[in-house]
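As structure tokens, the structure follows; a few thoughts come after it.
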Amino acid sequence: MAACCSALAALVGDIRACRVCRGAPRYGPPLSHEPRPVFQVSSSARICIAGQAPGVRVHASGRPYTDPSGVRLRSWLGIGEDIFYDPGVVAVIAMGFCFPGLDGKGGDLPPRRECAELWRRQMFAALPNLELILLVGQYAQKWHLGPKMIGKSLSETVSRWRDIYQSTRHPRLMPMPHPSWRNNAWLKRNPWFETELLPVLRADIARIVAPRL
């Protein structure tokens with residue numbers, strides 16, 4: 001365990017110091033602002049939230065999900081900030097660690113591809129105790145599920161949640177939409193997400209975070 005913690009600490013230091021997307025980008029133009037990697041990890045984490053990339057508010061705070069999306073996500077999961085921000089329980093590892101900037105319409109750009117290539121496999125290799133990974137959005141779903149399990153759209157992938165959740169045991173995977181308020185229309189069109197998926201997810205999370213004797 002000590003060796004695992006030491007390796008993770010070294011990896012965290014390397015990621016925090018990374019400036020590849022700004023100084024030597026592999027894809028597209030350099031990042032337009034100073035990188036600020038935002039993530040939360042511990043070798044003892046049992047749940048992982050795999051999202052897209054920090055937004056502008058999270059970039060400013062340096063803490064994951066300090067925005068309205070975080071409020072909704074915690075409501076979906078049935079946990080408060082005390083558990084959500086305990087790295088010994090919950091890891092937060094987006095596809096891109098830094099805020100990618102805004103597009104011409106004011107929306108967030110896609111996560112920088114450099115992050116996943118450089119760091120993602122190393123990060124998950126250093127988290128041996130994960131029991132559940134929440135795949136929040138299309139980018140995380142494509143990376144974790146691969147072409148055989150991914151649907152043609154986010155709706156199709158999330159609608160297959162039972163098969164995905166039951167067929168992935170170590171750790172289990174759960175595809176989800178992003179908790180952004182921009183997805184209100186999607187939630188109205190797909191009421192099964194709140195009536196069928198969320199009760200199963202909350203029960204699993206409650207079991208994982210319950211005090212262990």
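The values are calculated or read from the model by the stated rules, or taken from the named source; none is laboratory data. Given the structure is predicted, the values throughout are model-derived calculations rather than measurements. Cβ sites come from the backbone with ideal geometry, for glycine too, and all protein chains shown count toward neighbours. What goes into the accessible areas is simple: the full protein's heavy atoms, side chains included, and nothing from ligands, DNA or RNA. Shrake-Rupley method; radii C 1.70, N 1.55, O 1.52, S 1.80 Å.
Residue 105 passes every criterion in (1) among the charged types (D, E, K, R); (2) over 29 Å from residue 128 (Cβ atoms); (3) in contact (Cβ under 8 Å) with a residue 24 or more places away in the chain apart from (3).
Can you find a residue in region 112-131 that is more than 24 Å from residue 43 (Cα to Cα), of a type in the set (D, E, K, R) and in contact with a Pro (Cβ under 6 Å, 6 or more places away or on another chain)? Yes. When you check residue 55 against the structure, is it open to solvent by less than 30 Å² (accessible area, probe 1.4 Å) and either farther than 22 Å from residue 209 by Cβ or modelled with pLDDT under 95 (or both), yes or no? Taking the combined requirement at face value, the residue satisfies it. Candidates 46, 74: the one that is surrounded by 15 or more Cβ atoms within 10 Å (Cβ to Cβ), in contact (Cβ under 8 Å) with a residue 60 or more places away in the chain and more than 23 Å from residue 19 (Cβ to Cβ) is 46. Looking for something open to solvent by less than 50 Å² (accessible area, probe 1.4 Å), of a type in the set (Asp, Glu), touching a residue at least 60 places away in the same chain (Cβ under 8 Å) and not in a loop (DSSP other than H, G, I, E, B) - is there at least one such residue anywhere in region 131-142? No, region 131-142 contains no residue that is open to solvent by less than 50 Å² (accessible area, probe 1.4 Å), of a type in the set (Asp, Glu), touching a residue at least 60 places away in the same chain (Cβ under 8 Å) and not in a loop (DSSP other than H, G, I, E, B).
Keeping to region 1-43, report how many residues are in a helix (DSSP H, G or I), closer than 26 Å to residue 106 by Cα and open to solvent by less than 30 Å² (accessible area, probe 1.4 Å). Steps first, answer last, please.
Start the filter on region 1-43 by keeping residues that are in a helix (DSSP H, G or I), which leaves 2-16, 20-23.
Next, from what is left, pick out any that are closer than 26 Å to residue 106 by Cα: 20-23.
Keeping just the survivors that are open to solvent by less than 30 Å² (accessible area, probe 1.4 Å) gives 21.
Going through region 1-43 one residue at a time, the tally reaches 1.
Being out of contact with any Phe, Trp or Tyr (no Cβ under 9 Å at 6 or more places or on another chain), open to solvent by 30 Å² or more (accessible area, probe 1.4 Å) and either basic (Lys, Arg) or outside any loop (DSSP other than H, G, I, E, B) (or both) is the filter here, so list the residues in region 145-170 that pass it. I'd like the intermediate steps shown before the answer.
Narrowing region 145-170 to residues out of contact with any Phe, Trp or Tyr (no Cβ under 9 Å at 6 or more places or on another chain): 145-153, 156-157, 160, 162-170.
From what's left, open to solvent by 30 Å² or more (accessible area, probe 1.4 Å): 147-150, 152-153, 156, 160, 162-163, 165-167, 169-170.
Passing the criteria: 148, 152, 156, 160, 162, 163, 165, 166, 167, 169.
Does region 188-213 hold any residues that are under 11 Å from residue 158 (Cβ atoms) and aliphatic (A, V, I, L, M), and which are they? Across region 188-213, the qualifying residue is only 197. Against the numbered list (1) in a helix (DSSP H, G or I); (2) open to solvent by less than 60 Å² (accessible area, probe 1.4 Å); (3) touching a residue at least 12 places away in the same chain (Cβ under 8 Å); (4) farther than 30 Å from residue 7 by Cα, residue 179 comes up short only at (1). Does residue 173 count as of a type in the set (A, V, I, L, M), modelled with pLDDT of 95 or more and either open to solvent by 10 Å² or more (accessible area, probe 1.4 Å) or not in a helix (DSSP H, G or I) (or both)? So residue 173 passes the test.
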